Amino acid sequence: MMLNQGETPEPAKTDETPEPAKTDETPADDVGEEDRVELLSSSLQESAEDFQRLTEIRLTGEQLRLRLHNSKLIRDRCQQTLTYPNCFVAKDVVDWLIEHKEATDRENAIKIMQKLLESKVFHHVCDEHPDFKDEKLFYRFRNDDGTLSPSKQMRVVVRSQRIYEKIVAEEDCILKVWEQGTERYRRTIQGSQLLDWMLKNHEIPTRKDGELLCRSMVECGIIQPVRGCHHFSDSDLLYRFAINFRRKRKLVEVLGDISPYKERQQDSPDSPFCLRKLSAELPNNSFACADEPSPSPPSPVPKRSSQGGTGSYQPLKKEPMSPPSVLKRPVTVEELTAPGAPFMMKILHIRQFVKSINGLDCLYLHYRSIYKHIVAGPRALIVEVLEPLDDSLVPT
């Protein structure tokens with residue numbers, strides 16, 4: 001082809017796609033599953049930590065509200081011909097906190113209540129006092145007057161709590177021991193399995209809706225990946241609940257400045273929900289549940305005398321009792337059954353109605369739910385009963 005003077009030759013046209021410029025990036029086939037999912041930005045991580053902290057405070061406040069209702073400190077009150085429903089007197093609550101050892105002194109109690117007030121757990125009945133005062137002033141919980149802001153995050157918390165309660169109440173709980181890499185994690189679940197469970201239990205209409213809900217749960221700090229800082233994905237990656245909705249919280253916790261993503265002791269050592277690291281190699285935001293006691297082989301059933309005495313026992317293998325005893329030292333079955341042992345057998349006849357166990361109202365609960373609450377609780381069992389005044393109402 002002839003070119004005129006000053007013309008620039010055009011590049012030859014081909015049907016081949018030009019090759020991309022070479023880079024030092026790793027080919028997609030060599031990238032692990034964790035690298036393919038969306039990573040959480042630092043701003044999302046900080047937001048999740050902040051909201052998780054707020055959720056813990058509000059859960060603590062809700063437990064306080066129920067306790068104050070049971071103590072009859074929350075009731076309708078009148079002042080200057082006006083009636084204020086479901087309110088409490090600040091001074092009376094401060095006295096109650098000290099009496100129940102939830103606060104060391106009045107100053108400490110005021111700080112606790114001020115933190116709850118700032119977190120919008122309760123407010124002054126007329127919103128005239130932005131600060132909590134140890135005086136005869138009326139305050140009301142926002143859950144009692146419907147003024148708690150129904151934000152998107154709070155709706156996610158409510159749904160998450162319902163899902164959590166249903167999961168842990170199942171006999172065959174889906175939170176199990178899983179291995180990922182060289183590590184083992186307890187009370188965790190794969191992302192895809194969590195969505196399967198939600199669909200099966202009609203918590204979500206579609207799998208896509210479930211994935212969106214779980215992503216919101218991650219952004220609210222309710223569930224977390226056991227490794228890394230990635231978002232939720234419908235995959236075999238492992239996740240855990242970062243908030244134990246069943247845990248009985250101490251009010252003094254609201255004054256702590258502990259990041260919820262860092263190591264801390266959240267439960268009593270005897271609770272199966274106690275979060276502990278399995279090894280020193282785990283990342284800072286990865287926790288696992290304490291070891292659950294392995295089932296022991298069935299032991300011979302003791303023969304009990306009809307009079308409630310000590311009776312005779314068949315010889316048993318010498319081993320510590322499980323679960324741990326409330327005594328100051330481990331006690332073996334052989335010690336309990338040995339002649340002359342410092343133990344006396346008693347048969348207890350419960351002739352009352354069980355109202356609550358460790359603060360949980362049991363009047364409307366199924367016995368299986370009560371059993372699971374007892375197993376998940378501390379060693380000491382506090383039972384509140386209702387005793388009939390009329391003998392004709394005594395259970396037989």
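Hey, GLU99 hits all of (1) under 23 Å from the mean Cα position of the chain (by Cα); (2) of a type in the set (Asp, Glu); (3) open to solvent by 80 Å² or more (accessible area, probe 1.4 Å) but one; which does it fall short on?
Condition not satisfied by GLU99: (1).
Considering only residues that are out of contact with any strand residue (DSSP E or B) (no Cβ under 9 Å at 6 or more places or on another chain), modelled with pLDDT under 75 and either in a strand (DSSP E or B) or open to solvent by less than 60 Å² (accessible area, probe 1.4 Å) (or both), which ones fall in the stretch 341-377?
Passing the criteria: ALA341, MET345, LYS372, ALA376.
Return the pairs, sorted by first residue and then second, in which the second residue is at pLDDT 80 or above and exposed (fewer than 12 other Cβ atoms within 10 Å of the Cβ), the first residue lies in the stretch 350-375 and is closer than 20 Å to GLU62 by Cα and of a type in the set (Val, Ile, Thr), the beta carbons are less than 9 Å apart, and the residues are 6+ apart or on different chains.
What qualifies is ILE357/ILE382.
Please go through the stretch 148-178 and pick out each residue that is in contact with a helix residue (DSSP H, G or I) (Cβ under 7 Å, 6 or more places away or on another chain) and not in a helix (DSSP H, G or I).
Hits for the stretch 148-178 are LEU148, CYS173, ILE174, LEU175.
Confirm whether GLU179 is under 20 Å from the mean Cα position of the chain (by Cα), open to solvent by 20 Å² or more (accessible area, probe 1.4 Å) and either within 30 Å of VAL375 (Cβ to Cβ) or modelled with pLDDT under 90 (or both).
It is false that GLU179 is under 20 Å from the mean Cα position of the chain (by Cα), open to solvent by 20 Å² or more (accessible area, probe 1.4 Å) and either within 30 Å of VAL375 (Cβ to Cβ) or modelled with pLDDT under 90 (or both).
Within the stretch 120-131, restricting attention to residues that are part of a loop (DSSP other than H, G, I, E, B) and either under 30 Å from LEU213 (Cα atoms) or modelled with pLDDT of 95 or more (or both), which residue is most open to solvent (accessible area, probe 1.4 Å)?
LYS120
Filter the stretch 132-152 down to the residues that are open to solvent by 80 Å² or more (accessible area, probe 1.4 Å) and under 22 Å from the mean Cα position of the chain (by Cα) and list them by number.
Residues satisfying the conditions are ASN143, PRO150, LYS152.
The values are calculated or read from the model by the stated rules, or taken from the named source; none is laboratory data. These numbers come from a predicted model, not from an experiment. Backbone-built Cβ (ideal geometry, glycine too); neighbour counts: all protein chains shown. Keep in mind that these areas ignore ligands, DNA and RNA; they rest on the heavy atoms of the full protein, side chains included. Shrake-Rupley method; radii C 1.70, N 1.55, O 1.52, S 1.80 Å.
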